[in-house]
Amino acid sequence: MTIERMLWFDEQVRAGRNPGSGTLAAQFNVSVRTAQRDIAFLRDALQAPLGTVPGGRGYAYDDPGFYLPSFLFRKEDLIALLIARSLFEEIRPPLKEELEGISARLSDLFKVPLMEKIREAVSIDVSRGMETPGKVFFDLLRAITQRRLVLLRLQPVEGVEASGLEAEPLKLRFSQGDWALVASSGRRRGIGIFPLQRIRGVEVTGRRFLPRKSAPAVDAFLRRGGGAFRNWTVRGARIRFRKRKSAWASKLELHPGQRLQFELDGSVVLEIPEISFLEALGIVLQQGGDAAVIAPKELAEAVRAQVDRLTALCRV
């Protein structure tokens, strides 16, 4: 099915004109058999909720919230889809029924000749730099594809226990070696980003949410760097760990040129030649109040500001 025919047919269905295979065939001067295959592709490969109207003379969407996958038209989403497909192949988690369905859809989608060619032309390295808890990743992927609300169990910050945070999961974003969830939450009063390394558990609820009509707002948010989670790299970083975490810090391997400095009070300072913002933030979040960035100043302030923001979120 060409994208042109797909877009036209989707537009007609959405406008309530109930097009059928004959309508599609006449519009593009193709055979009715070709039009029927096009409609079958929409229904089976792209999971379009097409239902016949009374009398069987055309189609309508059973779910008015359905939208054609944006990966068909945007580079960023196509890349994300390729990464997701690679993850299913490389990680091979013990799939539940829902995840088996997602994996099957991805497999069917990549059987389409165009997608097969795209996949052959792209190399995706699912490296250790992309590690994140498998269950968290796949639970979120299931929730996003099924448009279901989730309850996130977050890593406690500064000793503050975080209760379940209800959110609409919008996207899984991979940027510069780190995974994050783009989600909308009433507590945040808008779109926010949660590093997956801070998510300790996900409960996929039975409640659904409608696709955001303001999808361009999500894209604009990510183009701006995703708020405070714009990932950037600094040189000469220093992270201080309290005495009780000195043994843990001594086992960290972040850079071949790192050094450990022992202080008189039993604390240790890890000196790292180069580290990303998200790596530093992840360490501080993981250790709560037992770790803090002390240099350089811009990194220390950025991490501190984000920790304060997350602390306030947990207290709501």
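Full extension of the chain segment joining Arg208 with Arg17 gains 66.1 nm, where the gain is 0.36 nm per residue of separation less the Cα-Cα distance.
What is the packing order of peptides 199-209, 252-262, taking the mean over residues of other C-beta atoms within 10 Å and listing the highest first? Could the numbers behind the result be given before it?
On the way: 199-209: 14.7, 252-262: 11.8.
Those peptides, ordered most packed to least, come out 199-209, 252-262.
The stretch between Arg57 and Asp308, if pulled fully straight at 0.36 nm per residue, gains 84.5 nm over its current Cα-Cα span.
FRET efficiency for Arg37 and Gln146, Cβ-Cβ distance as r, R0 = 30 Å, nearest 0.05? E(calc), rounded to 0.05, equals 0.65. Converting phi to 3J(HN,Hα) with the Karplus coefficients 6.51, -1.76 and 1.60 and the offset θ = phi - 60°, the stretch 258-271 yields 5, 9, 10, 10, 8, 9, 5, 7, x, 6, 10, 10, 8, 9 Hz in sequence order, with x at every glycine or proline. Estimated at 0.36 nm per residue, the fully extended path between Asp265 and Arg235 surpasses their Cα-Cα distance by 8.2 nm.
Cross-link list Lys135/Lys251; Lys135/Lys245; Lys135/Lys297; Lys243/Lys297; Lys135/Lys243: which exceed 30 angstrom alpha carbon to alpha carbon? Among Lys135/Lys251; Lys135/Lys245; Lys135/Lys297; Lys243/Lys297; Lys135/Lys243, the Cα-Cα distance tops 30 Å for Lys135/Lys297; Lys135/Lys243.
For the stretch 15-46, the list of trypsin sites (Lys or Arg not before Pro) that fall in a loop by DSSP and count at most 14 other C-beta atoms within 10 angstrom reads Arg17.
Any read-out appearing in this document is the output of simple, stated calculations on the displayed coordinates, not a laboratory observation. Fair warning: this is a prediction, and the values are worked out from it, not measured in the lab. Cβ sites come from the backbone with ideal geometry, for glycine too, and all protein chains shown count toward neighbours.
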